[in-house]
Amino acid sequence: MTDPETAPPRPRTPATTFDDLPLDPRLRLGVRAMGYTTPTPIQDRTIPPAVLGRDLVGTAQTGTGKTAAFLLPTLERLLELPPGRIYALVLTPTRELALQAQEFVRQLGHHTRVRGAAVYGGVGMLEQERALRGRAEIIIATPGRLLDHMSRGYVDFSALRILVLDEGDRMLDMGFLPDVRRILRSIPAQRQTMLFSATMPPEVVRLAHDYLRDPKMVQVDPTTAAAVGVSHLVLSVPATRKTDLLVELLRDATMSSVLVFVRTKHRADRLVDQLVRRGFEAGVLHGGRSQSQRVRALDGFRRGAQRLLVATDIAARGLDVEGVSHVINYDVPHEPEVYIHRVGRTARAQRQGDALTLVSAEEEGDLARIERLLGNKIPRSQLPGFDLTAPPAADPGRAPFPGGGRPGRGRPPRGSPPPRSGRRDDRRGGRYPARRARW
Ligand code: AMP
């Protein structure tokens, strides 16, 4: 690896304000409007080389400002170029991330003429076609939909000079790599390429070298580190009692904004169904929902209208929702890196948050792999008063889980409704045990 850089020692004095970074005053206005005063370490260390057009690989913990770290230099480099051509392409793994980055371009670039557009599946092609035909200079795209447009012949990448692979390790994994390779074949070889992620397995870095030229390696934290500010706890529970335990946990009023991760779309729908029957309102986000349903679910959760969102791993990476108090892994992820991304949905921008993982006996192997990656054991505990040996509670309105029978339309139970605090903040504590780990 050329020019490896790890902290410390630092190669230069850290920028204490955005004025110390080589950014146009118009961009500083955008930064100020976002409420940023001090560059984060990844911004401090990647913006200067990126503005000069250097290829780079940037790794830093979740929630530490990587989006602005690649968008600010991208905007800077496009400021003086005539509008109407595509100069920068940002590839992201999910529609939600494309929309989120588009919003960052709009806000950071508010005082410039540079326009961004998101290109992703599940919605009409026409407006995206217009953007690709010259109405945007920065395209933020998911690969599949972009290739759809490219196959229709009107996408002109001849002026492209910047490529960003957001969530770079995901973009170069087996799932996305064939699409990404096809896109790479259609864009100029003479370009700046930047790769950003919180996790970056060594084999991805090796692969990345096929696509980057003499990249500057900027690593703020180990690529195996979960965000500072996350408290981790494991709760052992039989697979058949997970919903019962979750329901008990959710009675805790400090759980003001909870993201629950499950392994599959089907399990997400089933869990939401079970929660609704027990009187909890929950949104659901997975790849089987329509785009408008996805937008509505995320929006309701963002606004705090819904304190619970059940999601598959399409929500694991990059999503920036303010004030997520708890991430609950209802299912343990198979890939250990996914754990780091999931729990990174909380404790963003120097806040704090709790990550609770419900582990059945069958999932112990996956948990052990996560702990190996983290280099730490996650403390285990039990919810006081929760009898692990009791049979699964019957779902109101359906046969007891996991028995047979199609779910009927049950009414939520009467009696104590789930507490709703309505507040999104960093209050800690709660009913579940205090013995948690923070690294
Ligand atoms: P990201 O890692 O790009 O998803 O950013 C995580 C959160 O940090 C987002 O809410 C950003 O708006 C916020 N953020 C990014 N840069 C800064 C900064 N320099 N100061 C304060 N907050 C920031």
Report task. At a Cα cut-off below 28 Å, give the lysines reachable from Lys66, other chains included and same-chain residues fewer than 8 away excluded. Result -> Lys216, Lys377
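For the stretch 18-220, go through all pairs of different Cα atoms, get the mean of 1/r, take its inverse, and jot down that Kirkwood value in Å. Show your work: numbers first, answer last.
On the way: mean 1/r = 0.0598 Å⁻¹.
After inverting the pairwise mean of 1/r, the radius is 16.7 Å.
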**Report entry** Nearest-0.05 FRET efficiency for Glu203 and Ser360, computed from C-beta distance (R0 30 Å)
**Finding:** 0.50
Requested in this report: Along Cα→Cβ, 7 Å out, is where each label goes; now give me the distance between the ones at Glu322 and Arg267 in nm to one decimal.
Outcome: 3.3
Report summary line: In the chain, taking the dipole from +1 charges on Lys and Arg beta carbons and -1 charges on Asp and Glu beta carbons about the Cα centre, the listed residue (Thr16, Ala136, Ile162) farthest towards the positive end is Ala136
**Report entry** Rounded FRET efficiency, nearest 0.05, which uses the C-beta distance separating Gln350 from Asp156 and R0 of 51 Å
**Finding:** 0.80
Query - Debye, to nearest 20: dipole size of the chain, +1 on Lys, Arg Cβ, -1 on Asp, Glu Cβ - result: 1200
Query raised in the report: Computed from the mean reciprocal separation of all distinct C-alpha pairs, what Kirkwood hydrodynamic radius does the stretch 267-363 have, in Å?
Result: 14.0
Query raised in the report: Assigning unit charges at the beta carbon (Lys, Arg +1; Asp, Glu -1) and nothing else, what dipole magnitude in debye, to the nearest 20, does the stretch 18-220 show about its Cα centre?
Result: 480
Query raised in the report: Put +1 on the Cβ of each Lys and Arg and -1 on the Cβ of each Asp and Glu in the stretch 18-220; which of Pro39, Ile86, Met200 then has its Cα farthest toward the positive end of the dipole?
Result: Ile86
**Report entry** Net +/- balance of residues flanking Leu207 in space, Cβ distance below 11 Å, scoring K and R +1, D and E -1
**Finding:** -2
Query - Dimensions (Å) - the chain, Cα atoms, principal axes, largest first - result: 66, 50, 38
Report task. Measure out, as a whole number of angstrom, how far apart the alpha-carbon centroids of the stretch 45-121 and the stretch 126-181 sit. Result -> 13
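Below 8 Å, C-alpha to C-alpha, sequence gap of six or more: please give me the relative contact order for the chain in percent.
Here the relative contact order equals 18 percent.
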Query - Descending semi-axes in Å of the stretch 100-176, equivalent ellipsoid built from Cα gyration tensor - result: 19, 17, 12
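Throughout, read-outs are computed from the coordinates displayed, never taken from laboratory work. Given the structure is predicted, the values throughout are model-derived calculations rather than measurements. Here the Cβ is made from the backbone with ideal geometry for all residues, glycine too, and neighbour counts use every protein chain on show.
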